[in-house]
Protein chains: 2
Amino acid sequence: MKYCSECGSTVILRVPDGDTLARYVCPACNTIHYQNPKIVAGCILQWEDKVLLCRRAIEPRYGLWTVPAGFMENHETTVQAAIRESWEEAKAEVNDAHLFALINLPHINQVYIMFRGGLKCGQASPGAESLEVGLFLEQDIPWNKLAFPVVDESLRLYFSDRSTGQFSMHMGDIIRGHERKIQINRY
Amino acid sequence: MKYCSECGSTVILRVPDGDTLARYVCPACNTIHYQNPKIVAGCILQWEDKVLLCRRAIEPRYGLWTVPAGFMENHETTVQAAIRESWEEAKAEVNDAHLFALINLPHINQVYIMFRGGLKCGQASPGAESLEVGLFLEQDIPWNKLAFPVVDESLRLYFSDRSTGQFSMHMGDIIRGHERKIQINRY
């Protein structure tokens, strides 16, 4: 951020009075520009014993596999966001969505809120952001070609729960630290 | 938003190519300025059979009671945000935080992520944003002087769970609709 979005003046980075963190502050109109994490809402969709994956047609991670997920928009709820992304990315309709996992990615200021649900009628086809979609048995999941660690972690939690016959709500962190090493915390 | 935060030009509101929603777009540098919901992280803290509340020293809802809660910052996790807010607002330390509720407020583009935990040593005192703090038995909660419907809803869910001896994870929406009427959805 270089300019104030309210008045167009050049912003400065400083700790506002009464605050503890540096913010972009406008010296002309005094607006404080807070920057906060974004929510990514997604959905693991099952049909019979298979799970829906989409192959990304966009960067980052073009050509790799993911579950339908994307940035939550203003004026919607988290489950509405997950249902919308399922439609946009895979033309998939969601039956009976349940909250499944909350995963923090503090190094990129994202919080994933992942749902699980049924894939209505088993029908899906690629949306504009997908090259192809597919239904995968657990043993056929392309683990080495998943787009993001958070997708890997969500699918592992899903299949682990499913094997017990009992789904629960999960919380964890995925942190990319020194030398791009991934640390996974499960609470 | 009136000006591009990257180049200072006047932005225009339009649907970018390949998108479905209007965004502030810069005609000079082509930056698309997405606006997304913010996370508010909070914590219901218990000591013996009492719950910690803070009386707000800031607007909105100056003078009314709330639980420690505030906007999640970049580079932290949701539970870290709830612990930080508990300290900032009530000088309260948190024992054994558990995810308790996710409540969408789509009319104001907020998602509350509420934890529950123990109040370490039963100690709390007002932070800069609180006039006073107090420990309240369920029957003494100032229900008519709570700052926000989401605080009311969270405390009702908490006491309801506590009465059964079994806490679970809750999801819901609080929507302020026509004539400021509050609609609560519990999933």
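The values are calculated or read from the model by the stated rules, or taken from the named source; none is laboratory data. In this text, all values refer to a predicted model and were calculated from it rather than measured experimentally. Cβ sites come from the backbone with ideal geometry, for glycine too, and all protein chains shown count toward neighbours. When the accessible area is computed, the model is the full protein with side chains, heavy atoms only, and any ligands, DNA or RNA have been set aside. Shrake-Rupley method; radii C 1.70, N 1.55, O 1.52, S 1.80 Å.
Just a few scattered comments:
- Filter result (more than 19 Å from A:HIS33 (Cα to Cα), charged (D, E, K, R) and surrounded by 12 or more Cβ atoms within 10 Å (Cβ to Cβ)) within the stretch B:9-24: B:ARG14, B:ASP19
- In the stretch A:73-100, the residues that are polar (S, T, N, Q) and open to solvent by 20 Å² or more (accessible area, probe 1.4 Å): A:ASN74, A:GLN80, A:ASN95
- Some residue of the stretch A:152-159 being under 30 Å from A:CYS121 (Cβ atoms), open to solvent by 50 Å² or more (accessible area, probe 1.4 Å) and either among the acidic types (Asp, Glu) or part of a helix (DSSP H, G or I) (or both): yes
- When residues in the stretch A:45-65 are screened for being under 15 Å from the mean Cα position of the chain (by Cα), open to solvent by 10 Å² or more (accessible area, probe 1.4 Å) and closer than 16 Å to A:PHE159 by Cβ, 1 of them pass.
- Members of the stretch B:124-140 that are in contact with a Phe, Trp or Tyr (Cβ under 6 Å, 6 or more places away or on another chain) and either at pLDDT below 95 or assigned to a loop (DSSP other than H, G, I, E, B) (or both): none
- Taking the stretch A:25-39 as the range and being facing another protein chain (nearest Cβ under 10 Å) and open to solvent by 40 Å² or more (accessible area, probe 1.4 Å) as the test, the residues that pass are A:TYR34, A:GLN35, A:LYS38.
- Test: residue in the stretch B:105-115 that is at the interface with chain A (Cβ under 8 Å from one of its Cβ atoms), modelled with pLDDT of 95 or more, assigned to a strand (DSSP E or B) and farther than 25 Å from A:ILE175 by Cβ: no
- In this structure, B:ILE103 qualifies as open to solvent by less than 40 Å² (accessible area, probe 1.4 Å) and not acidic (Asp, Glu).
- Exactly one residue out of A:LEU146, A:LEU99, A:LEU155 is modelled with pLDDT of 95 or more, within 14 Å of chain B (Cβ to nearest Cβ) and at negative phi: that is A:LEU99.
- Verdict on A:TYR24 being part of a loop (DSSP other than H, G, I, E, B) and out of contact with any Phe, Trp or Tyr (no Cβ under 7 Å at 6 or more places or on another chain): no
- Taken as a whole, the condition of being facing chain A (nearest Cβ under 10 Å), in contact with a Gly (Cβ under 6 Å, 6 or more places away or on another chain) and open to solvent by 60 Å² or more (accessible area, probe 1.4 Å) does not apply to B:GLU6.
- Restricting attention to the stretch A:88-109, the residues being of a type in the set (Phe, Trp, Tyr) and farther than 30 Å from A:HIS178 by Cα number 0.
- Scanning the stretch A:125-140 for residues that are of a type in the set (A, V, I, L, M) and either open to solvent by 40 Å² or more (accessible area, probe 1.4 Å) or out of contact with any strand residue (DSSP E or B) (no Cβ under 7 Å at 6 or more places or on another chain) (or both) returns A:ALA128, A:LEU131, A:LEU135, A:LEU137.
- Of all the listed residues (A:GLY42, A:GLY70), the sole one being touching a residue at least 24 places away in the same chain (Cβ under 8 Å), surrounded by fewer than 19 Cβ atoms within 10 Å (Cβ to Cβ), under 16 Å from the mean Cα position of the chain (by Cα) and assigned to a strand (DSSP E or B) is A:GLY70.
- Within the stretch B:166-184, considering residues that are within 23 Å of A:HIS170 (Cβ to Cβ) and not hydrophobic (A, V, I, L, M, F, W, C), the one farthest from the other protein chains (Cβ to nearest Cβ): B:GLN166
- With respect to (1) closer than 24 Å to A:TYR62 by Cα; (2) open to solvent by 30 Å² or more (accessible area, probe 1.4 Å), the lone exception for A:ILE113 is condition (2).
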